[in-house]
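Visitor: I'd like to ask you about the structure that follows.
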Amino acid sequence: MRIGIPKEVLNGERRVAATPDTVKKMIKMGFEVSVEAGAGALANYPDQMFTAAGASITSDVHSLWSSSDLICKINPPQARSDGSHEANLLADRGTLISLLFPEQNPELVEHLQSG
């Protein structure tokens, strides 16, 4: 199973959904982990720390989302600067783990429920 860790797109967000230590644990459990380039930079986790933990680094965010069985992120899916929306990047049988804030994002919940 492949786990994808994208860079957060919400302005000012400094967190990342996984640290190099948690990536190492995921890999030890048999998962393949791919991290978007720069995802941990604002949290003081440079790409080299993720590669040292065994993750692959990718700059192709669309591929990261579409090729991952599980996406882990902090914030709900957001519109990206390239005009795409993260909710539409999730693989057909992919699973998203994030905060959703359903009361603040009813249109997102409706979109996710409609498949």
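Visitor: Hey, if we sort MET26, MET49, MET1 by accessible area with the 1.4 Å probe, largest down, what's the order?
Guide: These residues rank, largest area first, as MET1, MET49, MET26.
Visitor: Something else about it: Regarding the chain, what's the average projected area of the Cα-atom convex hull, expressed in nm²?
Guide: With the hull built on Cα positions only, its mean projection is 6.9 nm².
Visitor: Compare the Cα positions of CYS72, ALA39, ILE27 along the charge dipole of the stretch 10-115 (+1 at Cβ of Lys, Arg; -1 at Cβ of Asp, Glu; about the Cα centre) and return the one farthest towards the positive end.
Guide: Result: ILE27, furthest along the dipole toward the positive end.
Visitor: Using r as the Cβ-Cβ distance of ILE27 and HIS62, and R0 as 22 Å, what FRET efficiency do you calculate, to the nearest 0.05?
Guide: E(calc), rounded to 0.05, equals 0.40.
Visitor: Sequence neighbours fewer than 8 away in the same chain don't count; with that in mind, list the aspartates and glutamates whose C-alpha is under 14 Å from LYS73.
Guide: GLU8, GLU13, GLU36, GLU86
Visitor: Would you work out if the stretch 23-64 is rounded, prolate or oblate? Take a ≥ b ≥ c from the square roots of the eigenvalues of the alpha-carbon gyration tensor; rounded if a/c is under 1.5, else prolate when a/b is larger than b/c, oblate otherwise.
Guide: oblate
Visitor: While we're on this one: Assigning unit charges at the beta carbon (Lys, Arg +1; Asp, Glu -1) and nothing else, what dipole magnitude in debye, to the nearest 20, does the chain show about its Cα centre?
Guide: That gives the chain a dipole magnitude of about 440 debye.
The values are calculated or read from the model by the stated rules, or taken from the named source; none is laboratory data. No experiment lies behind these values; they were computed from the predicted model shown. Note that each Cβ is placed from the backbone with ideal geometry, even for glycine, and that neighbours are counted across all protein chains shown. The area values use the complete protein model at the heavy-atom level, side chains included, leaving out ligands, DNA and RNA. Shrake-Rupley method; radii C 1.70, N 1.55, O 1.52, S 1.80 Å.
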